[in-house]
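Asker: First the structure, then my questions, so here it is.
The values are calculated or read from the model by the stated rules, or taken from the named source; none is laboratory data. As the structure is a computational prediction, the values presented were derived from the model and not from experiment. Note that we place each Cβ from the backbone using ideal geometry, even for glycine, and neighbour counts take in every protein chain shown.
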Amino acid sequence: MPERVDERGPGQGEEEHERERRGLLRAFGLAEVYNPSMVPTLRPGDRLVVQYGAVVRPGDVVVLRHPFRQDLLIVKRAVERRDGGWWVLGDNPFVENDSREFGTVPDELVVARAWVRLRPPREVQRSLGGVLAWAVSAVRSVRADRSLSRRLRAR
């Protein structure tokens with residue numbers, strides 16, 4: 001979790017400003033995907049740029065603590081607000097390690113919101129065309145307007 005940064009008031013110096021700037025940078029981090037519960041949007045080995053403490057909206061991909069094993073972080077899509085927290089689902093309909101199994105997830109267990117997926121290269125690229133093709137597909141938004149709409153059309 002990022003450090004808490006105090007709000008700047010009038011008369012604060014450069015030291016406080018620098019501490020605030022560093023706090024904002026710590027609000028972002030990387031997370032790695034290890035299981036197939038979010039396929040096709042995310043695959044094992046993908047990395048996510050996440051923002052800690054961000055506002056979550058329906059359709060966002062989030063990193064959260066598993067309600068039954070809070071030492072385990074999982075990645076799911078926040079589908080809707082319900083009494084008691086968020087209803088979260090994986091994009092892979094064959095994996096049920098989500099709210100269908102453990103119910104709603106309280107807000108305090110939602111750790112971060114994912115912004116961008118970074119897909120590492122599967123092999124060493126030997127040509128400029130291969131590097132360019134990888135670069136185009138490697139960085140992709142995980143926003144719901146893209147991934148969720150594709151998933152809903154397929155059903």
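Asker: Which members of region 59-77 meet the condition of being out of contact with any helix residue (DSSP H, G or I) (no Cβ under 9 Å at 6 or more places or on another chain) and touching a residue at least 24 places away in the same chain (Cβ under 8 Å)?
Answerer: Step one: of region 59-77, the residues out of contact with any helix residue (DSSP H, G or I) (no Cβ under 9 Å at 6 or more places or on another chain) are 62-63, 69, 71-73.
The answer is V62, V63, L73.
Asker: Let me ask another. Pairs under 7 Å by beta carbon, first residue on the phi < 0 side of the Ramachandran plot and free of Cβ contacts under 8 Å to residues at least 60 places away in the same chain in region 41-58, partner assigned to a loop (DSSP other than H, G, I, E, B) and of a type in the set (A, V, I, L, M), six or more apart or different chains?
Answerer: P44/V33
Asker: Consider V39 against the criteria (1) modelled with pLDDT under 95; (2) closer than 17 Å to V111 by Cβ; (3) of a type in the set (V, I, T): it satisfies all of them except one. Which criterion is unmet?
Answerer: (2)
Asker: Taking region 70-88 only, how many residues are farther than 16 Å from S37 by Cα and among the small types (G, A, S)? Walk me through how you get there before you give the answer.
Answerer: To start, the set of residues in region 70-88 that are farther than 16 Å from S37 by Cα comprises 70-71, 80-86.
Okay, now just the ones that are also among the small types (G, A, S), so 84-85.
Matching residues across region 70-88 total 2.
Asker: Go through region 42-65 residue by residue and tally those that are of a type outside the set (D, E), part of a loop (DSSP other than H, G, I, E, B) and more than 19 Å from G103 (Cβ to Cβ). Don't jump to the end; show me each part of the working.
Answerer: Going through region 42-65, the residues of a type outside the set (D, E) turn out to be 42-45, 47-59, 61-65.
Narrowing further to those that are part of a loop (DSSP other than H, G, I, E, B): 42-45, 53-59.
After this cut, where a residue has to be more than 19 Å from G103 (Cβ to Cβ) as well, the list is 42-45, 53-55, 57, 59.
Residues in region 42-65 being of a type outside the set (D, E), part of a loop (DSSP other than H, G, I, E, B) and more than 19 Å from G103 (Cβ to Cβ): 9 in total.
Asker: Let me ask something additional. What are the residues in region 89-134 that are farther than 23 Å from Y34 by Cβ and either among the polar types (S, T, N, Q) or buried (at least 18 other Cβ atoms within 10 Å of the Cβ) (or both), if any?
Answerer: Scanning region 89-134 gives T104, Q125, S127.
Asker: Still on this structure, please answer the following. What tally of residues in region 25-36 results from selecting those that are surrounded by fewer than 15 Cβ atoms within 10 Å (Cβ to Cβ) and either modelled with pLDDT of 55 or more or touching a strand residue (DSSP E or B) at 6+ places or on another chain (Cβ under 9 Å) (or both)?
Answerer: We begin by selecting, within region 25-36, every residue surrounded by fewer than 15 Cβ atoms within 10 Å (Cβ to Cβ); these are 25-26, 28, 30, 32, 34.
Subsequent filtering for residues that are either modelled with pLDDT of 55 or more or touching a strand residue (DSSP E or B) at 6+ places or on another chain (Cβ under 9 Å) (or both) retains 26, 28, 30, 32, 34.
Final tally of qualifying residues: 5.
Asker: Just the residues that are within 17 Å of the chain's Cα centre (by Cα) and of a type in the set (K, R), please, taken from region 71-109.
Answerer: K76, R77
Asker: Hey, any hits in region 66-88 for a residue that's surrounded by 14 or more Cβ atoms within 10 Å (Cβ to Cβ), modelled with pLDDT of 90 or more, of a type in the set (D, E) and part of a loop (DSSP other than H, G, I, E, B)? First the steps, then the outcome.
Answerer: Initial filter on region 66-88 (surrounded by 14 or more Cβ atoms within 10 Å (Cβ to Cβ)): 66-67, 73-79, 81, 85-88.
Checking which are modelled with pLDDT of 90 or more leaves us with 66-67, 73-79, 81, 85-88.
From what is left, the residues that are of a type in the set (D, E) are none.
Among the residues of region 66-88, not one is surrounded by 14 or more Cβ atoms within 10 Å (Cβ to Cβ), modelled with pLDDT of 90 or more, of a type in the set (D, E) and part of a loop (DSSP other than H, G, I, E, B), which makes the answer no.
Asker: Return only the number of the condition from (1) of a type in the set (A, V, I, L, M); (2) free of Cβ contacts under 8 Å to residues at least 60 places away in the same chain; (3) out of contact with any helix residue (DSSP H, G or I) (no Cβ under 7 Å at 6 or more places or on another chain) that V116 does not satisfy.
Answerer: Here V116 meets the rest and fails (2).
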